[in-house]
Amino acid sequence: MADQKLRLHHVDAMRAPKQLGVLVTHSVTFFPPALATVVGTTLIITHVTRFAFMFISAAMLVYAYPVLERRDLGRFWRRRLLAIGLPYVTWTCIYFAMQVDQVASPLQGLERLGYLLGTGYYQLYFLLILLQFCLVYPLFLWLLRRSVGHHLQLVAASVVLQTVLTGLIFFGGEPTWFEGAGGGMLQLWNYQLFLVLGGVFSWHYEEAHRWLQRRWRGVLVTTGVAAAVAEGFYLYTQEHPTSFLAGAAPNSGAFQPATVPLYIGLTACVYLLGSVLGSSKRSRPTRALVQSMADNMYGIYLNQILVFEALAATGWGKAGRVLPWPIVTYGGALIVFVAAVLLSAFLARLPGSRALAGRPRQPWPRLRRSRRPSCLSYSARSPTAALEREPSRPPTRQLA
């Protein structure tokens with residue numbers, strides 16, 4: 001970063017399309033189409049959201065904290081724990097309360113609550129992964145600084161490591177301690193490539209942004225080829241389940257070697273989409289809408305299952321009897337997206353907004369028109385999850 005006024009608004013604009021992909025992933029679970037193959041081919045694509053989440057988190061954290069002195073570590077970890085841990089505990093308790101009628105005794109209820117806090121309820125497990133990353137962030141930052149001038153080699157080594165790790169998971173060759181709880185989902189190292197990509201991208205933001213802008217056609221074509229390969233691999237293993245290529249993990253799972261190039265390409269595509277949405281050439285209302293979406297994405301992440309449960313309770317899943325499945329499945333994701341945005345915006349204006357919406361309390365909108373600052377400026381109020389900006393002297397940037 002050449003100067004402290006640099007804004008990662010293109011990265012911030014990635015949040016809305018990434019979150020919509022998360023909702024599609026969950027919608028095919030709540031409102032699945034009749035054909036299992038459709039579910040699998042959809043998940044192959046939408047599983048990129050978990051890796052894009054790590055890319056965004058690493059990019060924002062490296063931008064906010066390019067230098068972290070030893071004396072600042074306590075404050076850094078306290079702020080991360082509050083900003084991530086408070087919403088995590090709050091929403092875990094909310095989701096537990098929704099299931100309290102399923103426990104037979106208070107002791108069983110305590111055991112269930114403890115299990116949820118330790119492993120994460122449904123989508124909340126990613127906050128545990130983010131906490132792991134914040135814990136080791138000083139070491140991650142040290143690696144980035146020590147490898148200045150060799151960042152391309154660092155990325156290449158990370159790609160190889162990611163391919164090996166996903167291969168071990170997919171083919172069932174990993175030891176028990178390696179996999180751990182959640183089938184590898186809770187293990188930070190299984191996402192290491194996208195943390196490295198996010199960190200290196202943020203470190204060389206201006207150069208990396210220009211590189212992607214110049215080569216956007218090649219990125220789209222390469223990603224399309226990678227998607228065809230990954231989907232073809234999935235369909236082949238569906239037709240030949242006894243083949244050794246079918247592996248031991250679900251064929252539509254996120255962790256498999258065939259999807260590594262795809263998820264790199266899709267993350268780049270989501271960034272390019274964010275570049276379009278977050279461009280200063282967009283109209284003021286469009287930029288305001290994009291910023292509003294980014295501001296509410298953390299809240300959507302927290303409350304989405306509550307909204308899904310409410311939509312399912314209306315009988316939306318039975319609408320497939322009269323409506324085409326794309327409307328039920330993908331339309332359901334869109335309905336949840338809009339409703340969750342409204343709920344997040346509402347919760348952000350209540351006492352306890354940090355716990356309920358993951359952001360400082362916001363004022364109620366006024367009816368009169370007022371001039372507002374540029375909606376894409378990066379500020380501590382923007383819920384880039386928990387990554388409030390703390391200016392510090394940026395390190396000298398050197399293109400790897």
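The values are calculated or read from the model by the stated rules, or taken from the named source; none is laboratory data. Treat the numbers as computed from the prediction; the structure is a model and nothing was measured. Cβ placement follows ideal geometry from the backbone for every residue including glycine, while neighbour counts extend to all protein chains displayed.
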*Yes or no: Leu144 among the aliphatic types (A, V, I, L, M) and surrounded by 17 or more Cβ atoms within 10 Å (Cβ to Cβ)?*
yes
*Quick one: count up the residues across the range 301-341 that are closer than 20 Å to Gln123 by Cα and not in a helix (DSSP H, G or I).*
0
*asked:* For the range 293-318, which positions are surrounded by fewer than 21 Cβ atoms within 10 Å (Cβ to Cβ), touching a residue at least 60 places away in the same chain (Cβ under 8 Å) and of a type in the set (Gly, Ala, Ser)?
replied: Ala312, Gly317
*Report yes if some residue within the range 55-66 is at pLDDT 90 or above, hydrophobic (A, V, I, L, M, F, W, C) and surrounded by fewer than 19 Cβ atoms within 10 Å (Cβ to Cβ); otherwise report no.*
no
*For the range 264-283, which residues satisfy the criterion of being buried (at least 21 other Cβ atoms within 10 Å of the Cβ), farther than 14 Å from Ala294 by Cα and modelled with pLDDT under 85?*
none
*Being touching a helix residue (DSSP H, G or I) at 6+ places or on another chain (Cβ under 7 Å) and part of a loop (DSSP other than H, G, I, E, B) narrows it down to one of Pro32, Pro87, so name that one.*
Pro32
*Inside the range 271-312, can you point out the residues that are more than 20 Å from His10 (Cβ to Cβ), over 20 Å from the mean Cα position of the chain (by Cα) and small (Gly, Ala, Ser)?*
Ala310, Ala312
*Would you check if Arg78 is basic (Lys, Arg) and without any contact (Cβ under 8 Å) to a residue 12 or more places away in the chain?*
yes
*Among the residues of the range 93-136, which ones are assigned to a helix (DSSP H, G or I) and on the phi > 0 side of the Ramachandran plot?*
Tyr122
*Mind telling me which of the residues Ala268, Ala294, Ala333 ends up being more than 27 Å from Pro32 (Cβ to Cβ) and touching a His at 6+ places or on another chain (Cβ under 9 Å)?*
Ala294
*Have a look at Arg50, Arg70, Arg145 and point out the one that is within 17 Å of the chain's Cα centre (by Cα), of a type in the set (D, E, K, R) and within 23 Å of Val200 (Cα to Cα).*
Arg50
*Only residues that are surrounded by fewer than 19 Cβ atoms within 10 Å (Cβ to Cβ) and among the basic types (Lys, Arg): list them for the range 6-44, please.*
Arg7
